[in-house]
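Visitor: Sharing a structure below in structure tokens format, with a few things to ask.
The values are calculated or read from the model by the stated rules, or taken from the named source; none is laboratory data. Keep in mind that what you see is a predicted model, and the values were worked out from it rather than measured. Glycine also receives a Cβ, built like all others from the backbone with ideal geometry; neighbour counts cover every protein chain displayed. Heavy atoms of the whole protein, side chains included, go into the accessibility calculation; ligands, DNA and RNA do not. Shrake-Rupley method; radii C 1.70, N 1.55, O 1.52, S 1.80 Å.
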Amino acid sequence: MNDPFELTDPVDEPAPAPPRPAQYLDGLNDSQLEAVEAIDGPVLVLAGAGTGKTRALTTRLGHILMQGRARPGEILAVTFTNKAAREMKERVGQMLGTPVEGWWVGTFHALGARILRRHAEALGLKSNFTILDTDDQVRLLKQILDAREIDPKRFPPRTFSAVIQRWKDRSLMPDKVPEAEAIDALDGHAIDVYQDYQEQLQRLNAADFGDLLMLCVHLFQTQPETLKYYQERFRYILVDEYQDTNVAQYLWLRLLAQEHKNICCVGDDDQSIYSWRGAEVGNILRFEQDFPGARVVRLERNYRSTPHILGAASELIANNEGRLGKTLWTDLNEGEKVRVHGVWDSAEEARWVGDEIEANHTRGEALSSMAILVRTSAQTREFEERLITLAIPYQVIGGLRFYERQEIRDAVAYLRVIAQPDDDLAFQRIVNVPKRGLGQATLQIVHMHARARAISMVQAVRELITTDELKPRPKKTLTDLMTDFDRWRVEAQNHTPAELCDIVLDESGYTEMWKLDKSIEAPGRVDNLKELVVGLSEFDTLTSFLEHVSLVMENEDNQSTDKVTVMTLHGAKGLEFDTVFLPGWEEGLFPHQRSLDETGTQGLEEERRLAYVGLTRARKLASVTFAANRRIYGQWQASLPSRFVDELPAEHIERGGEQGLAQGMSRGFSEDGVSVSGGGQGYGTGWKRAKSRKPQDDLVFAPARVSADGLEPGQRVFHQKFGYGQILALDGDKLDIQFEKAGLKKVMASFVEKV
């Protein structure tokens, strides 16, 4: 289709005559051929990483056309990206030797919009309705909050947007939201705002992206004749990345497939890693229940990775219970084992990875064939700075470089104004961040005065707050801000740059602003601010840090095409590299504590799927690293190696860096008695892992052997730093204690007292 929203209905064009099958079936392996030729009835293609699923899917699409089983307009092919849709069209066109017109190939949203434009009036819209982007949605929600007199500081518009979109992902219109959810969400405001929002969208003749599927489902459920038309029209349905579908997409597909039941879904339950975007792994797991008699084809021959990488990844993911099961294999050469490397701290981890990249490049490996895949964006800072030190070009994919991120630029702007009050660019950036109620009129007065007097904005503010040009409220606000900056400049003389940054982020309310923000990105922004403080701890003066930032930003203009890729594991799905580095495999970081706390076992299994995705990005070599210590907000915290490290099979891994680490860890207690040991196999820390399915039960401590000062397991104790807790186990003078607020820690007995 040339126009994704065309209203023509080209279903009667003649089907192409079938050529000799070998022309397009040659080169398929047995499983791929089975997936292509299983045309009739429901089919689930479980396509493991690197198994050629794109070729199987596009060949199947072409095969249906070649065999004359359907005309192009009778096939619905659904992808998750416009790029995938374009590639599918191009490949099938090449297979047929001619472009195919009139078919329905596209993303869920594009196809949903195409249907809605044809039937808009049934939903109270016109066919030329506008599709609002995120900024438009937030603007409209701001108007609704103002009308309802809801405090946008306490309940930000983006928070309402996130809640509403989650409901739409589940195909819940305002009258279908469960009562308990409606009462709980944003103190009960969310459901009323949602109702107003939908009414305003209809008044504006507009829809948002969530509507494109939700309204389609509503159309099909309330207009049986319309549903019948599309059910009969689409003889064959093909769906890519089925494991990433949400509830609305699932309902949309299931309704359309009920007539012919010729639906083929391609996906990998082991790569379902987007639950935070609404994806439901259960959609693919219950396919055989939804479509009785479904045929399941497993693509298990991997064309990407070595046997050691596949062996390690397969045994790791086998620990998940919620999966359909498959085992990847390859006939490639054995290759190198997965390297598991323990380091003392995150700085050493960055040095080791950087040195390995440099050594590989010296041996002739292209930088573009290497990648560092992190669990959180905050981890990129140390790797970026190490690569800059080594003069190794790099690119951050799927996100900004560390010092380019909004929250980092804002925090650095505060520090710039402290160091240099005449820095107008920095002052303009943060004068009203967080929101201080300073309107455009106030800032214009400041600008005009600064220009007229040829002085900086800060100087202009200092003069204006002594006169009556400003209204009382903004005058007081700016007076308080100047007082804050004066105080922080004094603090800068008495504190380290890291301590100063911590004070400024706290007293300005900047960190609190992001903590209150309910958007998906907010927790990551808070983590990035913590990492900034860690980075500042490496500098003796604020000036030296700001100079360093300037040099880092200068280096970002490198136009070299041969660059190391740095990105998050979530962003790496679908990509592949010769060499992959997987840092930060530690409990609390990976698996991430937030996932465990919020969704328990489901969260743990998704984190394990993320680890599987990371390993299977590597073609030739994968390196897993973990650190015994990380610095959070300038404070050292001990780390345990990730449970995923223990789940890697010994025959497929090669350990390194751990012997010296274990020796240091055995005596590694900090001045407050906190263990800096990382634990794990061979570390002598007195703990072992259990095959528990509950995250909270995962750490099971070995029986106590030696009592200390009359202490024993089960006793309640108090620690000056970590508060109250219960002893789980003893090993000499070392105690394993589950603290009520600080969680699991290993401490010295001399630092606790019985309660």
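Visitor: On alpha carbon coordinates alone, what is the Rg over Rh value for region 392-442, Rh being the Kirkwood radius?
Guide: Rounded to two decimals, Rg over Rh is 1.11.
Visitor: Also, quick follow-up: Say each of L390 and T543 gets a label point 7 Å from the Cα, pointing the same way as Cα to Cβ; how far apart are those two points in nm?
Guide: Modelled inter-label distance: 3.3 nm.
Visitor: On a 31 Å Cα-Cα criterion, which of the cross-link pairs K126/K515; K337/K573; K83/K126; K53/K176 come out too long?
Guide: K126/K515; K53/K176
Visitor: Still on this structure, I have one more. Per residue, how much accessible area does region 572-616 have with a 1.4 Å probe, in Å²?
Guide: Accessible area per residue, region 572-616: 28 Å².
Visitor: Sorted by packing (mean other beta-carbon atoms within 10 Å per residue), highest first, where do 75-88, 245-258 land?
Guide: Going by the mean number of other Cβ atoms within 10 Å, highest first, we get 245-258, 75-88.
Visitor: What percentage of the solvent-accessible surface of the chain, computed with a 1.4 Å probe over protein heavy atoms, is contributed by carbon and sulfur atoms?
Guide: 48
Visitor: Simple spin-label model, 7 Å along Cα-to-Cβ: R473 to E358 in nm?
Guide: 5.7
Visitor: Follow-up. Which order do the peptides 508-514, 537-543 take when ranked by the mean count of other beta-carbon atoms within 10 Å per residue, highest first?
Guide: Ranking the peptides 508-514, 537-543 by packing returns 508-514, 537-543.
Visitor: Given labels modelled 7 Å from the Cα in the Cβ direction, how far is it in nm from E740 to D40?
Guide: Going by the 7 Å Cα→Cβ label model, 6.8 nm.
Visitor: Setting aside same-chain residues fewer than 8 positions from K228, which lysines have a Cα under 19 Å from its Cα?
Guide: Output for K228: K261.
Visitor: Express in nm, to one decimal, how much length is gained between Q593 and E149 on full extension, taking 0.36 nm for each residue of separation and deducting their alpha carbon distance.
Guide: Working it through step by step, the gained length comes to 156.2 nm.
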